[in-house]
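Some notes on the structure that comes next.
Laboratory data are not the source of any read-out in this text; all were calculated from the coordinates shown. Fair warning: this is a prediction, and the values are worked out from it, not measured in the lab. Please note: Cβ atoms are built from the backbone with ideal geometry, for glycine as well, and neighbour counts cover all protein chains shown.
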Amino acid sequence: MFHPTKEDGEGVIAGTTNHIAACDWTQLEVENSKIVKINEGGEFGNKLRDVMERTKDIQYPTFPDKGIMHWWEASIGTNPHIHRPRKDFPSGFVNCLYERVRSGVIHMGFGTIISSMAEREAARAGHLVGHWHLHLYFPTYETQFSGDNENIIENGQLAALDAPEIRKLCANYWDHYAQDPLHWVRSELEICRNYHPLFMKMVGADDKYCHGAGADWWKGGCCNHSGVTAPVLGGNCCGQSHD
């Protein structure tokens, strides 16, 4: 998590997958926990460079200096049963978002901190907000404890899962994903459908995807897409009458 004035990340982040789908190889150069250069990346890289250019002179709330490209998220997936849904991948909500929790995957995020008060303040000011990702699928992550080195992940294998007692514990909680991988898709879909319109209203943002033709776009992205269904909920974009 990003802590203003306390971060000092240096190096490079590189990968070929983000939350949505596979992308061209993208490399991010990091100085003081800020993305300072984006190399390659194809269309994804071009869009990121455009965002960097458009925001380079904006001072975002809580950020130590100008620009949106601050690295603030790094997490390790722990679920050994995660796999890609076989049907309609990648499309709509059936995408790489859920692979961030797959064991051994490191999920990197940069931009504004999602749903934070600082992000809402920036949105109210009319600034571009959001954050983007790269997934590292076969990393080696070494840590130091009092001078001793220990591999937490080696070539994408989460070392903790080699322990029989850990594997037994995990089996009690994660089998449901293997039985129905779209269960998690539907769960996050419900959150999206419930809270997206509320968030738009709260920050005073453009609610074009909650009314008229925009609601059709949102419905196509959420409801009955790729075999993912959910009951119609009152007060959200899906199921509302057009104005």
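What to note about this one:
- Inter-label distance, residue 10 to residue 116: 2.3 nm, where each label sits 7 Å from its Cα along the C-beta direction.
- Using the Karplus relation 6.51 cos²θ - 1.76 cosθ + 1.60 with θ = phi - 60°, the per-residue 3J(HN,Hα) values for the range 57-74 come to 9, 9, 8, 7, x, 6, 6, x, 8, 6, x, 9, 7, 9, 7, 9, 10, 8 Hz, with x marking Gly and Pro.
- Here the 3J(HN,Hα) profile of the range 28-44, calculated from phi with Karplus coefficients 6.51, -1.76 and 1.60 at θ = phi - 60°, is 10, 8, 10, 10, 6, 6, 10, 6, 9, 7, 10, 9, 6, x, x, 5, 4 Hz, Gly and Pro shown as x.
- As a calculated quantity, the FRET efficiency between residue 169 and residue 58 at R0 = 30 Å, using C-beta atoms, amounts to about 0.05.
- In range of the label at residue 161: residues from the range 101-121 whose backbone nitrogen is under 11 Å from the point 7 Å along Cα→Cβ: 101-105
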